[in-house]
Amino acid sequence: MSDVHEHMEHMEHAEHAAHSNRKIALLIAILALFLALSETLGKSAQTEGLDANIRASDLWAFFQAKTIRQTVLRTASETWAVELASASDAAAKAAMQKQVDTWKKTIDRYENEPETNEGRKQLTERATEAEHERDLALAKYHNYELASAAYQIGIVLASAAVITGMIWLAWAAGGLGIIGIGFTALGLFAPHLLHIG
């Protein structure tokens, strides 16, 4: 009789453990789902950040090229302006003045060219905007990375709970899942709330 009673207790314990293991398996599946989501969002944000960084770099390089051209033309026009003062031939003087005026117009166009959006002023605005886009994307990326780490550690702890039967590991895994959800939400809605990275 004692063996039957002991066997029934063992069966009840096994049934309870199986039920508990199903809950932990569900927890692992949910953590894996959120992990996949945060990894996808993180990769997208990282790609967006790299793209914006390249755009900003290209725009600043274009800005520098415009600055160099502007400086060369400014130097040439100033040199010719000095020579113009000492020129005696009226035809040469008129031709030199016309060239100096053309260079000054080009210098002004290099500074501000709203028609093409490629003046130094417009390039500065565009490059700064690309830098802001980069910073936002990288802030999102860092939050998603922290979320992914929380989900991954949660999955490891939940798996350990199945193996060891230590239920507190499953609770810790659930807590890490909640932390991961928090970082995912920060990445989506308030990436700059915490300064990370």
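Read-outs: derived from the displayed coordinates by stated rules, not from any lab. Because the structure is predicted, anything quoted here is derived from the model rather than measured. Glycine also receives a Cβ, built like all others from the backbone with ideal geometry; neighbour counts cover every protein chain displayed.
Tabulated values for the structure
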| read-out | value |
| --- | --- |
| Principal-axis tilt of helix 2-86 within the chain, Cα atoms, nearest 10 degrees | 0 |
| Cα gyration tensor shape of the range 66-126, rounded if a/c is under 1.5, else prolate or oblate by comparing a/b with b/c | prolate |
| Under 17 Å from the K23 label point (7 Å along Cα→beta-carbon), backbone N, the range 165-182 | 165-178 |
| Size of charge dipole - the chain - debye, nearest 20, with Cβ of Lys, Arg +1 and Asp, Glu -1, no other charges | 960 |
| Stretchable slack from I167 to L33, in nm (0.36 nm times residue separation minus alpha-carbon distance) | 46.1 nm |
| Label-point separation in nm, I178 to R69, each point 7 Å along Cα→Cβ | 6.0 |
| Rounded to 10°, Cα long-axis angle of helix 167-189 versus longest principal axis of the chain | 20 |
| Translational diffusion coefficient (Stokes-Einstein; Kirkwood radius from C-alpha pairs) of the chain at 37 °C, 0.692 mPa s, in µm²/s | 147 |
| Set of lysines with alpha-carbon distance to K121 below 19 Å, sequence-local pairs under 8 removed | K66, K104, K105 |
| Nearest-ten-degree value, helix 90-111 long axis tilted from longest Cα axis of the chain | 10 |
| Paramagnetic reach from A81 in the range 99-118 [backbone N under 13 Å; point 7 Å along Cα→Cβ] | 100-105, 107-108 |
